[in-house]
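What follows is calculated from the coordinates using simple rules that are stated; it is not laboratory data. Just so it is clear, the structure is predicted and the values come from calculations on it, not from any experiment. Neighbour counts run over all protein chains shown; Cβ positions are idealised from the backbone, glycine included.
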Amino acid sequence: MKPITITDDSFENEVLKSDVPVIIDFWAEWCSPCRLIAPIMEELAEEYQGKLKVGKLDVDNNQQTAIKYGVRSIPTVLMFKNGEVKDVVIGAVPKAMFVDKINKIVE
C-alpha cells in the first residue's frame with residue numbers, strides 16, 4: 001500500500017476528519033533527504049494499514065497547509081490524531097524513531 005497524496009483541498013477530509021491517526025510527510029521533488037524517508041513511509045503505510053493513514057503532501061504545490069502548520073524545513077512529518085498534531089519529526093530519521101512515535105498515537 002502506497003502513501004496517499006494529500007493536497008490543500010483534501011487535507012480537511014483526509015486528515016482532520018480521519019477516524020484513524022494520520023501521519024503526513026511534507027516533502028518536495030528536489031529534496032534529497034525527502035527521498036531517503038520515502039521508502040520508510042511506504043513501509044509504514046503497509047505495516048499500519050487499517051490502523052494509520054500515511055500521506056504525502058508536496059509543499060511546492062500545497063503551500064497553504066505547510067504554512068498553516070509552520071513547516072519550515074523538509075522533510076517534516078506531522079502526526080495527527082482526532083484532528084490535532086500529536087507529534088512532529090523533522091529531517092531524515094531512522095524508521096525506528098517513526099515507529100516509536102506512531103505506537104504512542106495508534107491504539
Can you tell me which residue among 86, 56 is in contact with a helix residue (DSSP H, G or I) (Cβ under 7 Å, 6 or more places away or on another chain), basic (Lys, Arg) and under 20 Å from residue 9 (Cβ atoms)? 56
Considering only residues that are under 10 Å from the mean Cα position of the chain (by Cα) and under 18 Å from residue 101 (Cα atoms), which ones fall in the range 4-20? 15
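This table checks each residue for (1) within 25 Å of residue 106 (Cα to Cα); (2) hydrophobic (A, V, I, L, M, F, W, C); (3) buried (at least 21 other Cβ atoms within 10 Å of the Cβ).
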position	(1), (2), (3)
22	yes, yes, yes
27	yes, yes, yes
33	no, no, no
37	yes, yes, yes
41	yes, yes, yes
47	yes, no, no
52	yes, yes, no
65	yes, no, yes
70	yes, no, no
Go through the range 61-76 and give me each residue that's in contact with a helix residue (DSSP H, G or I) (Cβ under 9 Å, 6 or more places away or on another chain) and not polar (S, T, N, Q). 68, 71, 72, 74, 75
Can you run down the residue pairs with Cβ atoms below 9 Å, 6 or more apart or on separate chains, where the first is in the range 1-22 and among the acidic types (Asp, Glu) and the partner is in a loop (DSSP other than H, G, I, E, B) and surrounded by 15 or more Cβ atoms within 10 Å (Cβ to Cβ)? 8/62; 9/62; 14/6
If you go through the range 49-58 one residue at a time, do you hit one that is at positive phi and without any contact (Cβ under 8 Å) to a residue 24 or more places away in the chain? no
Can you work out which of the residues in the range 81-100 that are free of Cβ contacts under 8 Å to residues at least 40 places away in the same chain and within 12 Å of the chain's Cα centre (by Cα) is nearest to residue 65 (Cα to Cα)? 85
